[in-house]
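This report concerns only the one structure given below.
The values are calculated or read from the model by the stated rules, or taken from the named source; none is laboratory data. Predicted model only: the values in this text are computed from it and were never measured. Cβ coordinates were reconstructed from backbone atoms using ideal geometry, including for glycine residues, and neighbour counts include every protein chain displayed.
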Amino acid sequence: MRFSFVTIGSLSAVLFLVQAAEAGVADSLIPHRAVYDLELDSSSDQSGIESMFGRMVYEFNGSPCEGYTVGFRFVTQLDTGRSTRLTDQQTTTYEDLESRTFRFLTKSYVNQQLDLEVRGSARAEADAIEVRLQDPKRDDLTLVSAQFPTAQMISLIEKAKQGETFFQSRLFDGSDEGRKVMLTTSVVGAARVSEEGPEELKVTGELGKQPTWPVTIAYFDEAENNDGTPVYRISFKLYENGITRDLTMDYGEFALKGTLADLEIFDQSVCD
């Protein structure tokens, strides 16, 4: 999945052109709804943040034959000591792995007032991403070649299963008004079963006994960041079925921690 301060692109969370060899990974992704409680993990004096908390809800549905839909909501309340700000981002996407197409709609609210609506679609060609924007204004763009979120997640899991620990890829998820491709650098640790507290075990159940990969992904804006500093980083534990937990979202001047608070597994569609 990908996040930013007021807007999020895909935990989706979590993340991200699928080849025939990867079909088994796509089949293993489980439709589910995950809820994460968010709290401020750290902040610098420059951030001006005294407190911050919120909730993130991620709903993943679909199959390789019918495509994948993601519903994503990210709500935070920030207190600087002088003012309080409530942000609410609501994102819906549809991704077809076979046709390599992607549709996205994001509505961002600040203090319960609509601040920005972004709507568009994209198609991955051999060497580029063709984007057609409808809102906030109509435009057609050609961007560098990149993956869409679910395809990138499948690729990430495939590489992790093969034992790759460091790799880069480009991601387009419709964030930043649908006008940018982000360069991502992923670091994946060895899979292992992590200890969980009693509250986590209530949520994960039998899933908690399965191994996870510790993953850190750094996101870079190549057009604006020439010093090698990422725009932000996310770290999480990743199950082979695409479910994530133990999130940390680091924006430099502050970081948020996300704890899996509720998990619902949906029935899985079977392709003919």
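Counted as qualifying within the stretch 23-117 are the strands (runs of 3 or more DSSP E) with 1 or more residues that are among the small types (G, A, S) and closer than 28 Å to L133 by Cβ, namely 51-63, 67-79, 101-110. Once the stretch 132-147 is narrowed to residues that are assigned to a strand (DSSP E or B) and either in contact with a Pro (Cβ under 9 Å, 6 or more places away or on another chain) or of a type outside the set (D, E) (or both), the residue that is farthest from K180 (Cα to Cα) is Q134.
Kindly establish whether M1 is touching a strand residue (DSSP E or B) at 6+ places or on another chain (Cβ under 7 Å), hydrophobic (A, V, I, L, M, F, W, C) and at pLDDT 95 or above. No. Only residues that are among the hydrophobic types (A, V, I, L, M, F, W, C), in contact with a Phe, Trp or Tyr (Cβ under 7 Å, 6 or more places away or on another chain) and within 28 Å of E264 (Cβ to Cβ) were counted across the stretch 205-239, and they come to 4.
The residues on offer are E95, E59, and the sole one that is surrounded by 20 or more Cβ atoms within 10 Å (Cβ to Cβ), among the charged types (D, E, K, R), touching a Gly at 6+ places or on another chain (Cβ under 8 Å) and within 24 Å of G242 (Cβ to Cβ) is E95. Would you confirm, using the coordinates I've provided, whether Q168 is over 18 Å from L105 (Cα atoms) and crowded, with 23+ Cβ neighbours inside 10 Å? The answer is no for Q168. If T101 meets every condition in (1) closer than 23 Å to P31 by Cβ; (2) surrounded by fewer than 20 Cβ atoms within 10 Å (Cβ to Cβ); (3) at pLDDT below 95; (4) not small (G, A, S) apart from one, which number is that one? Unmet for T101, out of (1) closer than 23 Å to P31 by Cβ; (2) surrounded by fewer than 20 Cβ atoms within 10 Å (Cβ to Cβ); (3) at pLDDT below 95; (4) not small (G, A, S): (3).
The single condition among (1) small (G, A, S); (2) outside any loop (DSSP other than H, G, I, E, B); (3) closer than 25 Å to L29 by Cβ that A190 does not meet is (2).
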